[in-house]
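The values are calculated or read from the model by the stated rules, or taken from the named source; none is laboratory data. The structure displayed is predicted, hence computed values, not measured ones. No Cβ is skipped: glycine too gets one built from the backbone with ideal geometry, and neighbour counts run over all protein chains shown. The protein model used for the area step is the full one, side chains on, heavy atoms only, and it has no ligands, DNA or RNA in it. Shrake-Rupley method; radii C 1.70, N 1.55, O 1.52, S 1.80 Å.
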Amino acid sequence: GSSKEGPKFTYITPPSVTKVEPATGSTLGGTEVVITGTGFVEGATVKIGSSATAVEVVSETEIKAKTAATVAGADSIVVTDTKGVSAGGPTFTYVAPPKVTSVEPATGPTTGGTTVKVKGTGFLKGSTVKIGEEATSVKVVSETEVTAVTAAHGAGAVEVVVTSEMGSSSAGPKFTYVTPPTVTKVEPSSGSTLGGTAVVITGTGFVKGATVKIGSTATAVEVVSETEIKAKTAATAAGEDEVIVTIAGGGASKEGPKFTYIAPP
């Protein structure tokens, strides 16, 4: 036969997770999530790949928590409390923050205005770019390419940083701001429209490979030092033309002195 009036065994339904919002976040952690389900009791713990922090049991059907740093990928939401361990719940996907691998060009004038192409990974819609200062005209071409325009910044090398909702890039390549050349004097300040006038240009920021334009592109350009250039004028129509020196990656001089072309008799 069977025993009678014996002790009772109580079956307890373990917690169950039905939803998590948001369902994605950075591998750096720190994403605040709201977990919906049933059977949540005070003291419950949450694991989303790694043990979540700041766990707050709001009610039997809601828990708030923060993700911890975890490698990229999808992980199940697991709630554990005195009733047991949840199973078969939804997943949360960890996404790596942006990574910058190259910037072209890698130099530009301190006055800003250089259009750069930034390449890397993890570039999401709405990403921002900082190259010393916040870049303008940012366009996310794809997950691996962003174009942007530099803002004015002091001379020197700065890291290119891309920031998305998943975090900011780090240890990326550098962009170097170069002070544009200035022209303060040209001697002589006039010559024949036939060209061939040898001139000495004085200023600052002259580097090897600089080019000179005096109405037309000058010839025989020789960078003597950072403050002096020798060149010869090319044939140009009569009139006044600004002396402009341009250096690679550093832009062109502005508001320099004038050279006057005079037609021969």
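Annotation for the range 153-231: GluC sites (Glu not before Pro) lying in DSSP loop with at most 16 further Cβ atoms inside 10 Å of their Cβ are GLU165, GLU226.
Between SER253, SER168, SER189, find the one with the highest GNM mean-square fluctuation for the chain; connect C-alpha pairs within less than 10 Å. Looking only at SER253, SER168, SER189, the largest GNM fluctuation is found for SER189. In this structure the chain gives 53 Å² per residue of accessible area when probed at 1.4 Å with all protein chains present. The Cα trace of the chain gives Rg and Dmax of 33.1, 137 Å, the first to one decimal, the second as a whole number.
Taking all protein chains as present, what is the carbon and sulfur share of the accessible area of the range 95-202, in % to the nearest whole number, probe 1.4 Å?
Working: 2740 of 5110 Å².
Here it works out to 54 percent.
Taken one residue at a time, the phi angles of the range 61-66 give Karplus couplings (6.51, -1.76, 1.60, θ = phi - 60°) of 10, 9, 10, 10, 7, 10 Hz. Gly and Pro are set to x. Please compare each pair in LYS139/LYS174; LYS185/LYS208; LYS117/LYS258; LYS174/LYS254 to a cut-off of 31 Å on the Cα-Cα distance and tell me which ones are over it. Beyond 31 Å between Cα atoms: LYS117/LYS258. Once you divide the Cα radius of gyration of the range 60-171 by 2.2 N^0.38 Å, the number left is 1.47. For the range 203-262, the list of chymotrypsin sites (Phe, Trp or Tyr not before Pro) that fall in a loop by DSSP and count at most 15 other C-beta atoms within 10 angstrom is empty. For the chain, set up a GNM with springs between Cα atoms under 10 Å and report which of THR111, THR121, THR219 has the largest fluctuation. Answer for the Gaussian network model of the chain: THR219.
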